[in-house]
Amino acid sequence: MKFRLIILALMSIVAFSAKAQFPEPNGGDLERGVLPEKWMTGGPKCMEIPEWQVHEYNPDLYILRQSGCTDAEMPFLFLFFGKDRGLLWDTGSRNGNLAPAFQRVVHNWLERNHRASIPVIVTHSHSHDDHTWGDSAIQALNDPAIPITFIPAKIAETQAFFHIASWPNDLGEVDLGNRVLTIIPIPGHDIVSIALYDRRTGILLTGDSLYPGRLYIRDFAAFKASTERLIKFSEGKPIAHILGNHIEQSRTPFLDFPIGSIYHPDEHPLDLTFGTLLELEDGLKSMSIAPHRLATRDFTIWPLSPKDHGLGTTMEEVYKHTQEEQQRDKWNQPK
């Protein structure tokens, strides 16, 4: 009996591996794309840096990054195109002036595809203002070629639009036309945090819940449960890249940039792997007695006190000092 159980367990492992991987190192059936070797941040000369860096991952997926010269958060946005409509993930942070860059990308896509117009859904990874600051400008956009469907970063509206039966335990989805995106609720960093999985590229977007940097956790129990739910969802699926909304880590292991930095020389790559997600789970499980900060090679688990409305006095002081120093030198940062 024991031998039979061992055989069944091994068969389960093999079955999982077969689903999660491809039999040949040929990319499988995923749509291929390219990430840049490095991203622009906020220097060394802000006079030379555009408000938005636009990167073509492939002809139907674009990644936009806000310049640190406009705001230290430097968030990433993602723009997907399907046959029938597009989807914009987040609208950027303060002083982003997103609308012109967004219009330029969509109009270029329309020209390339010999189209006159395409509707675009605008949704959010979560509700914090460094991801929703551009909402009003996008909502006010009066462009007949780009009809906008706007989803506020609120639980009820997010749940209704993506047809999530029970928040946060069930999945949602949206079909862009031969491109179904799966929505996974992952509260913990924020009450309305969501992840997005694109089967066409194997990309998993994790918002502010996993990226190379400081993972601020406001509800530890919810964050831990969301991480486990995200792992369960990912099992058996090809994950080409895990992409979050920020980079705060340098390429040097265990070393991040000070909070408030607008310039990131030698920055960590944006993409993480399914193994990084497992490492996050392991770190969270190690905190059985009390949540605490834990620095790993590629990210830091950073629980916040329920009393902290912001990031705490010490971190706000670091932010102010870093901003004063780097903003003063933004026209010619020291190398």
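None of the figures in this text is laboratory data; all of them are computed from the coordinates on show. All values reported here derive from a predicted model rather than from experimental measurement. Glycine also receives a Cβ, built like all others from the backbone with ideal geometry; neighbour counts cover every protein chain displayed.
Across the stretch 44-178, what fraction of all alpha-carbon pairs, as a whole percent, falls in each successive 10 Å bin from zero upward?
Over the stretch 44-178, the share of Cα pairs per 10 Å bin runs 12, 42, 35, 11, 1 percent.
For the stretch 161-290, go through all pairs of different Cα atoms, get the mean of 1/r, take its inverse, and jot down that Kirkwood value in Å.
Over the stretch 161-290, the inverse of the mean reciprocal pair distance is 15.5 Å.
Treating each Cα of the stretch 85-124 as an identical point scatterer and ignoring solvent, apply the Debye formula and state log10 I(q)/I(0) at q = 0.23, 0.25, 0.31 Å⁻¹.
-0.80, -0.90, -1.13
May I ask you to work out the translational diffusion coefficient for the stretch 223-335 at 10 °C, viscosity 1.306 mPa s, via Stokes-Einstein with Rh from the Kirkwood sum over Cα pairs, reported in whole µm²/s?
Estimated via Stokes-Einstein, D reaches 98 µm²/s.
Let me see the pair-distance distribution of the stretch 101-169: every alpha carbon pair, 5 Å bin width, integer percents in order.
Values per bin, smallest distances first: 3, 14, 23, 19, 16, 14, 7, 3, 0.
I need the Debye-formula profile for the stretch 40-85: one equal scatterer per C-alpha, no solvent, reported as log10 I(q)/I(0) at q = 0.20, 0.22, 0.33 1/Å, two decimals.
-0.64, -0.71, -1.12
I need the peptides 222-229, 122-129, 185-192, 147-154 ranked by packing, meaning the mean over residues of other C-beta atoms within 10 angstrom, with the highest value on top.
Final packing ranking: 185-192, 122-129, 222-229, 147-154.
Within the stretch 211-235, find all residues whose amide N lies under 18 Å from a label point positioned 7 Å from the Cα of Ser288 along Cα-to-beta-carbon.
Inside the label zone: 221, 224-225, 228.
Work out the charge dipole of the chain with +1 on the Cβ of Lys and Arg and -1 on the Cβ of Asp and Glu about the Cα centre, then indicate which of Gly207, Phe223, Ile247 is farthest towards its positive end.
Phe223
Here are some pairs, Lys38/Lys330; Lys45/Lys335; Lys154/Lys232; Lys38/Lys224; which of them have Cα atoms lying more than 22 Å apart in this structure?
In this structure, Lys154/Lys232; Lys38/Lys224 exceed 22 Å between Cα atoms.
With a ≥ b ≥ c the root eigenvalues of the C-alpha gyration tensor of the chain, is it rounded (a/c under 1.5), prolate (a/b larger than b/c) or oblate?
Oblate, because a/c is 1.5 or more while a/b does not exceed b/c.
Largest first, please: the extent of the C-alpha atoms of the stretch 171-240 along each principal axis, to the nearest Å.
Here the Cα extents, ordered largest to smallest, are 37, 21, 20 Å.
First select every other residue whose beta carbon is under 10 angstrom from the beta carbon of Asp130; then total the charges, Lys and Arg +1, Asp and Glu -1.
Summing Lys/Arg as +1 and Asp/Glu as -1 gives -4.
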